[in-house]
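The values are calculated or read from the model by the stated rules, or taken from the named source; none is laboratory data. Just so you know, these numbers come straight off a predicted model, no measurement behind them. Methodologically, a virtual Cβ is constructed for each residue, glycine included, from the backbone with ideal geometry; neighbour enumeration extends over all protein chains shown.
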Amino acid sequence: MTHPLHSSEFSRDPYPLLAALRERGPVQRIRTDNGRTTWVVTGWAAARAALADGRLSKDTGRFFADRPSTRNLAPAVSRTMLATDPPDHGRLRRLAMKAFTPAAVARLEPRIRELAAGPADALAAGLAARGTVDLIEEFAVPLPIAVISELLGVPERDRAAVRQWSNTLFAAGDPDAVVDRASHDLSDYMTELIAARRLAPGDDVLSGLIAARDEEERLTEPELVSLAVLLVVAGHETTANLIGNGMLALLLDEALHAAVRDDPGLLPGAVEEFLRYDAPLTIATFRYATEPMELGGALIGPGDVVLVSPGAANRDPAQFPAPDALRLDRPAGHLSFGHGPHHCLGATLARLEGRIAFEVLLTRLPRLRPTEAGTDALIWRRTRLMRGLASLPVTAAAG
């Protein structure tokens with residue numbers, strides 16, 4: 001079958017399409033627009049198993065070595081840590097993980113609260129002056145961009161450009177040439193930033209990675225650039241979508257909004273349920289089978305592409321009763337941060353940023369509401385991988 005993974009309908013609401021696939025079985029074969037066979041994993045148990053299965057490789061360099069491509073993605077984008085297998089993946093992950101341990105992230109909380117105050121002030125001022133503000137453009141994106149930029153030492157003047165390049169990389173509707181150009185722009189920028197940090201090291205993650213490269217030689221120069229690119233992109237994309245998707249869910253459910261607003265102790269559990277209910281990542285990044293294997297009752301051949309869908313797995317009724325309902329009393333178990341060796345190393349930071357963001361918005365702007373009724377008028381980003389709003393116009397209720 002041909003599956004419209006790139007359609008506007010899928011971007012607006014992927015869940016009916018994913019549910020239809022899952023009803024046929026947890027692992028289904030589809031025929032993509034280029035005629036290739038791809039397996040889509042939609043069942044929770046099969047998805048969790050696939051994410052930890054060493055027979056599913058992420059080494060895109062090896063996969064495409066004998067498959068000619070017309071694409072011209074920058075190596076720093078196409079060959080990030082996400083596109084490596086052990087032992088290289090473990091080595092790169094250990095170097096980056098130092099900045100994202102629970103203890104290191106906990107120390108960031110006061111600063112994240114300071115950074116959240118700026119966008120919250122801007123929202124309040126915008127509401128007072130115009131009556132309507134865009135929650136995505138003025139809060140959900142600026143906060144995680146500011147946090148990861150401070151960690152990496154990206155100057156404030158450059159953050160808008162970095163955000164635009166990152167956004168283009170995930171756009172399903174943009175021509176390949178536009179995406180390729182953005183990949184080179186971002187790669188060139190991070191190369192220049194690394195050169196500047198070498199001359200003037202700071203107390204930031206990028207300076208630490210440069211030291212590991214120059215003094216200990218634990219990564220190559222291309223690996224250093226690709227790691228910097230990955231951290232700046234992955235460091236804000238998921239969190240921005242978490243904030244936007246979670247706030248939309250709250251704004252459309254008055255009882256839930258009131259419960260979380262009145263009891264901040266519910267926020268950690270609410271963040272987990274937001275991550276499950278409307279996962280920031282609909283389809284995980286590329287994997288392929290290195291040998292014949294069975295997964296969820298499907299027989300997958302060597303070289304077959306396998307796409308794991310956290311968005312679908314998180315709504316598997318076999319794992320989550322009434323999966324299309326948002327419940328704060330659910331036990332954890334979502335796959336929004338992955339599972340296994342490629343589990344998101346920034347998960348702890350994303351959870352903290354999300355909790356602070358919701359707390360600040362609910363405290364400072366308790367009467368926010370969407371300007372459009374329902375979800376049909378909302379514009380979602382055209383991307384197969386990510387699940388996030390392009391904008392969320394809000395106003396303040398009287399009272």
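Tell me, which residue of region 312-341 that is outside any loop (DSSP other than H, G, I, E, B) and in contact with a helix residue (DSSP H, G or I) (Cβ under 6 Å, 6 or more places away or on another chain) is farthest from Arg31 (Cα to Cα)? So, considering only residues that are outside any loop (DSSP other than H, G, I, E, B) and in contact with a helix residue (DSSP H, G or I) (Cβ under 6 Å, 6 or more places away or on another chain), the one farthest from Arg31 (Cα to Cα) is Gly340. Just one of the numbered conditions (1) part of a helix (DSSP H, G or I); (2) touching a residue at least 12 places away in the same chain (Cβ under 8 Å) is not true of Arg157: (2).
A search for C-beta distances below 7 Å between a residue of region 106-119 that is farther than 17 Å from Gly235 by Cβ and any residue that is modelled with pLDDT of 95 or more and in a helix (DSSP H, G or I), counting only pairs 6+ apart in sequence or on different chains, returns Arg113/Ile356.
Selection of region 87-112 for residues being in a helix (DSSP H, G or I), basic (Lys, Arg) and over 21 Å from Leu224 (Cα atoms) yields only Arg111. When restricted to residues that are of a type outside the set (Lys, Arg) and in contact with a Leu (Cβ under 6 Å, 6 or more places away or on another chain), region 183-203 contains 1. Taking the numbered list (1) modelled with pLDDT of 95 or more; (2) not in a loop (DSSP other than H, G, I, E, B) in turn, Asp53 passes all entries but (2). Within region 262-293, the set of residues being more than 12 Å from Leu335 (Cα to Cα), of a type in the set (Val, Ile, Thr) and in a loop (DSSP other than H, G, I, E, B) comprises Thr285, Thr290. When the residues of region 305-348 are filtered to those that are loosely packed, with under 13 Cβ neighbours inside 10 Å and not hydrophobic (A, V, I, L, M, F, W, C), the one that is nearest to Leu21 (Cα to Cα) is Asp324.
In the set Leu349, Leu335, only one residue is out of contact with any Lys or Arg (no Cβ under 9 Å at 6 or more places or on another chain) and under 26 Å from Pro86 (Cβ atoms); that residue is Leu349. Filtering region 56-72 to residues that are over 20 Å from the mean Cα position of the chain (by Cα) and at pLDDT below 90 leaves Gly61, Arg62, Phe63, Phe64, Ala65, Asp66, Arg67, Pro68, Ser69, Thr70, Arg71, Asn72. Can you give me the number of residues within region 169-214 that are among the hydroxyl-bearing types (Ser, Thr, Tyr) and farther than 27 Å from Arg387 by Cα? Qualifying residue count for the region: 2.
If you check Ala140, Ala160, which single one turns out to be at pLDDT below 95 and among the aliphatic types (A, V, I, L, M)?
Of the residues listed, the single one that is at pLDDT below 95 and among the aliphatic types (A, V, I, L, M) is Ala160.
Return the residues of region 113-153 that are under 19 Å from the mean Cα position of the chain (by Cα), more than 24 Å from Arg381 (Cα to Cα) and among the acidic types (Asp, Glu); say none if nothing qualifies. Matches in region 113-153: Glu150 only. Looking across Thr32, Thr42, one residue alone is of a type in the set (Ser, Thr, Tyr), surrounded by 13 or more Cβ atoms within 10 Å (Cβ to Cβ) and under 21 Å from Pro302 (Cβ atoms). It is Thr32. If you filter region 227-248 down to residues that are at pLDDT 95 or above and small (Gly, Ala, Ser), you find that the one that is farthest from Asp158 (Cα to Cα) is Gly246.
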